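The values are calculated or read from the model by the stated rules, or taken from the named source; none is laboratory data. What you see is a predicted model, and the numbers here were worked out from it, not measured in a lab. All Cβ positions, glycine included, derive from the backbone under ideal geometry; neighbour counts span all protein chains shown.
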């Protein structure tokens, strides 16, 4: 009996060793590789665009010469079209933009015994833009030329109309909303300097404008 027990123990030990050896020879199962995160392409602002803009402006006019001391506020709406081009480098966006607006920014006041009026009939700008892209949002600064037509009138005396060249400075925020469409909100200070007025006088015209715009990018 003792021999049978010892023989059984030996056979069990040998079977255990053989099973361990076979398990060691089995190839190890590799872990499944982690799935790479999906690539999301960031918005690129490079390209040409066309759009519309509209808003309002306000400022102040003061006369010189015989009507010195006469000044009054101007205000009104404007609407027009926009053309531009952007070029993106990293997150910096460099652009050139031009616009032309019909304008009804005007005001009137007393000029001694007379009444004076200053009216801006149209206003355009050609400006550079420097922006910083946060994917689909781009705040920017802008500056360049401003030009427009200004009419100064003195009741009972006459009127003068002059096209003037000045400068514009401002900034805004543009956002991509769907497909090739973007929208923006923008502030501009446009100064056309002093313009001719009747009886050898002149009047200064400047405006602060706030405009919204809708652009289509090509």
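Computed values, structure above
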{"quantity": "Every residue from segment 125-149 that is crowded, with 16+ Cβ neighbours inside 10 Å, in contact (Cβ under 8 Å) with a residue 40 or more places away in the chain and in a strand (DSSP E or B)", "calculated": "125, 127, 129, 131, 138, 140, 142, 146, 147, 148"}
{"quantity": "Subset tally (residues that are within 29 Å of residue 131 (Cβ to Cβ) and over 26 Å from the mean Cα position of the chain (by Cα)) for segment 186-204", "calculated": "1"}
{"quantity": "Selection status of residue 171, in contact with a strand residue (DSSP E or B) (Cβ under 7 Å, 6 or more places away or on another chain), in a strand (DSSP E or B) and without any contact (Cβ under 8 Å) to a residue 60 or more places away in the chain", "calculated": "yes"}
{"quantity": "Residue in segment 187-196 that is on the phi > 0 side of the Ramachandran plot and outside any strand (DSSP E or B) present", "calculated": "no"}
{"quantity": "Filter result for residue 192 (closer than 18 Å to residue 59 by Cβ and surrounded by fewer than 16 Cβ atoms within 10 Å (Cβ to Cβ))", "calculated": "no"}
{"quantity": "Options 182, 160, 155: the member that is over 15 Å from the mean Cα position of the chain (by Cα) and touching a residue at least 40 places away in the same chain (Cβ under 8 Å)", "calculated": "155"}
{"quantity": "Residue in segment 32-77 that is nearest to the chain's Cα centre (by Cα), counting only those that are modelled with pLDDT of 90 or more, within 30 Å of residue 179 (Cα to Cα) and part of a loop (DSSP other than H, G, I, E, B)", "calculated": "45"}
